[in-house]
């Protein structure tokens, strides 16, 4: 068992006389280009995630998990990473040593691990992780499982952390924007037997080797697992990379290479987490999703109002709103739910901000609308600007009346001209878009010289890159500002490789309603064939439910609870966005339907989650008495009547609404408990609940315990009136 830092871990092996500290390798380079053009100027691990550099979340978790020595491998913009760490609190912590290893020649994770092997710094089992990973899991059990397996089998070289995460049957993507992942796992030993994220989703078929089926009595086949990119490795992993110079990518080459290697017999195992959090920021959509998870406190204690190294704690207020103490906010400005405002930021009159993260020292003018966006530090947004689901990097200036349509990325120091509308999914940078890109999408770049040119006359403190990428120089030294409006400065990058057709898949913007409709129609015939979860594939080729898996029924129930809670949170966020953006009911229904399919929920689940969101909105609308609260309920129910009714197709859904209301009164919204009967009457009058559903709910409670009949008793007069009215009709 691993003890906390500062204690001594004594090996159970008598032969091991020297204590080995628990080590980790942190790759501070993703060796990918998904965050361009931002990462041309700053390393991904230093990009702010809810106003804290990504690498701080990773280091905070490693430190809390008992890691004593971390080797941070730096390649792209290595000087920036090294300077940041040297001036951080991480280097001064007792019993937690952070050492940087710099390379200017490595172009892949394989190169990085080969170089670390040559340094002879790893002396035992180690954790391999990238600096864009957020987690709060305990390592104790996973480490112990890894060590126990190693004692029995030296070929057990890696334990991979996984988590349940259902992909959408429509888009075949997880909520993190990653492709649907297929894994084959031995249900008894948890050995990984197959790993594929590019299978033919539409046909629903996988190509498994016959020998794989012959050698394994049963295989649990999953398409509902998320790779957390946290690996516990034995030292042999480094030597395997050294012996195989064609291994570049951790998953595509190393994992798959070991799975098909019959000669050496190396084995990879999995460790599944349930109630803990672990996720990697792989693209802009996962950046958005993980930011929301942090704000909604799934990552506790790594949350905005808890002080940890690297962050500046903000005060948590109602509806998930966080504000730093030192901000200037006009009285008429409105800060909506799930928003964060950083230190030194000033907000003008009648400005509305919701579901957004605002950095430090920003100046936001009057009549500005910011929804679902990420504004970094020192940004100036003049009067009348509109931003929806965008990322705005440091030192950007948006002149008055400028508009950012969904999915826009503004890189550092860009200036958007007055009243200029930046088209959806555009990326704007002071650097010209390279005209020649490397053929391998995984290869990134290091520091020093670059063929990427900055706009003439623009001064920048950006680190230069090396010559992996090149581009054409401007034909003339004078640069036209027409690309981003009058007075604007920046290049709009052209979209290639599928264009707008694919941009929405990995964007911070929600899936557009028209795109969702289009994809739903295209895959409608295939949905009946789509299966979620896991099955066991027998050597005969027969696919049967996984009854042999040693995942307990309690674990399954815990997964279901996790799904239900996540689903309700997503529905609530969707509903609040509709409230603050005045989104049409039809578009909300499309989004909720997508969530329903993604989480494999029923219409009753949707009805209950929407009703909960509507009632919570009524509760959080200011009121001073029960009578005012009743007026709020009636008003909100009337406004969103059509939305709720769209999921009340039968009596079962209506009863689910009543049960959800009972649950709220007992747990999360006790303010409603004294008003249960009156609100039940309102729901009846507004045609949300029919007479038969209310009477059936009451009759089903007849044999229940007194504690379960509290609200039936409270509603006795109303129920009696309904019964009498029903008899009169008969």
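The values are calculated or read from the model by the stated rules, or taken from the named source; none is laboratory data. Because the structure is predicted, anything quoted here is derived from the model rather than measured. With ideal geometry, Cβ positions are generated from the backbone for all residues, glycine too; neighbour counts draw on all protein chains shown.
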Please state which one of 663, 667, 656 is within 30 Å of the chain's Cα centre (by Cα), surrounded by fewer than 19 Cβ atoms within 10 Å (Cβ to Cβ) and within 16 Å of residue 604 (Cβ to Cβ). 663
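Enumerate the strands (runs of 3 or more DSSP E) found wholly within segment 351-417, keeping only those where 2 or more residues are closer than 18 Å to residue 488 by Cα, in contact with a strand residue (DSSP E or B) (Cβ under 9 Å, 6 or more places away or on another chain) and modelled with pLDDT under 95.
Numbers: elements: 352-354, 369-371, 386-388.
Strands (runs of 3 or more DSSP E) meeting the threshold: 386-388.
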Scan segment 144-153 and tell me whether some residue there is over 28 Å from the mean Cα position of the chain (by Cα) and more than 25 Å from residue 264 (Cα to Cα). no
Examine segment 89-107 for a residue that is under 25 Å from the mean Cα position of the chain (by Cα) and surrounded by fewer than 23 Cβ atoms within 10 Å (Cβ to Cβ), and state whether such a residue exists. no
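Kindly check whether there is at least one residue in segment 595-602 that is assigned to a helix (DSSP H, G or I) and within 16 Å of residue 338 (Cβ to Cβ). Please lay out each step first, then the result.
Just the residues of segment 595-602 that are assigned to a helix (DSSP H, G or I), to begin with: 595-599.
Right, trim to within 16 Å of residue 338 (Cβ to Cβ) and you get none.
Checking segment 595-602: not a single residue is assigned to a helix (DSSP H, G or I) and within 16 Å of residue 338 (Cβ to Cβ).
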Subset of segment 369-384 [farther than 25 Å from residue 286 by Cβ and surrounded by 24 or more Cβ atoms within 10 Å (Cβ to Cβ)]: 381
State whether one or more residues within segment 277-299 are more than 14 Å from the chain's Cα centre (by Cα), touching a residue at least 24 places away in the same chain (Cβ under 8 Å) and assigned to a loop (DSSP other than H, G, I, E, B). no
Restricting attention to segment 202-233, report how many residues are in contact with a helix residue (DSSP H, G or I) (Cβ under 6 Å, 6 or more places away or on another chain) and at pLDDT 75 or above. 1
Residue 446 modelled with pLDDT under 90, in contact with a helix residue (DSSP H, G or I) (Cβ under 8 Å, 6 or more places away or on another chain) and closer than 29 Å to residue 294 by Cβ: no
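Hand me the list of strands (runs of 3 or more DSSP E) wholly inside segment 74-149 holding 1 or more residues that are over 21 Å from residue 247 (Cβ atoms). Before you say what the answer is, go through the steps one by one.
Details: elements: 97-102, 126-130, 133-135.
Result: 97-102, 133-135.
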Conditions (1) closer than 22 Å to residue 334 by Cα; (2) surrounded by 15 or more Cβ atoms within 10 Å (Cβ to Cβ): number failed by residue 639: (2)
Mind checking which residues of segment 249-264 are farther than 21 Å from residue 125 by Cα, at pLDDT 75 or above and not in a helix (DSSP H, G or I)? none
Report whether or not residue 678 is in contact (Cβ under 8 Å) with a residue 40 or more places away in the chain and either buried (at least 16 other Cβ atoms within 10 Å of the Cβ) or out of contact with any helix residue (DSSP H, G or I) (no Cβ under 7 Å at 6 or more places or on another chain) (or both). yes
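Within segment 612-643, track down each residue that is within 25 Å of the chain's Cα centre (by Cα) and touching a residue at least 40 places away in the same chain (Cβ under 8 Å). Before the answer, list the steps.
Let us first name the residues in segment 612-643 that are within 25 Å of the chain's Cα centre (by Cα), namely 612-614, 616-617.
Of everything in segment 612-643, those that are within 25 Å of the chain's Cα centre (by Cα) and touching a residue at least 40 places away in the same chain (Cβ under 8 Å) turn out to be 612, 613, 616, 617.
Which of the residues belonging to segment 701-721 are at pLDDT below 80, surrounded by 14 or more Cβ atoms within 10 Å (Cβ to Cβ) and assigned to a helix (DSSP H, G or I)?
Going through segment 701-721, the residues at pLDDT below 80 turn out to be 701-710.
Cutting the leftovers down to surrounded by 14 or more Cβ atoms within 10 Å (Cβ to Cβ) gives us 701, 709-710.
Hit for segment 701-721 is 710, nothing else.
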Do you know which residues across segment 32-49 are crowded, with 24+ Cβ neighbours inside 10 Å and outside any helix (DSSP H, G or I)? 37, 41, 43
Every listed condition ((1) in contact with a strand residue (DSSP E or B) (Cβ under 9 Å, 6 or more places away or on another chain); (2) surrounded by fewer than 20 Cβ atoms within 10 Å (Cβ to Cβ); (3) over 25 Å from residue 79 (Cβ atoms)) holds for residue 154 save (1)
Which one is nearest to residue 301 (Cα to Cα), of the residues in segment 68-77 that are surrounded by fewer than 24 Cβ atoms within 10 Å (Cβ to Cβ) and out of contact with any helix residue (DSSP H, G or I) (no Cβ under 7 Å at 6 or more places or on another chain)? 68
Give segment 628-677 a look and list any residue that's part of a loop (DSSP other than H, G, I, E, B) and closer than 22 Å to residue 579 by Cβ, or say none. 640, 646, 647, 648, 668, 669
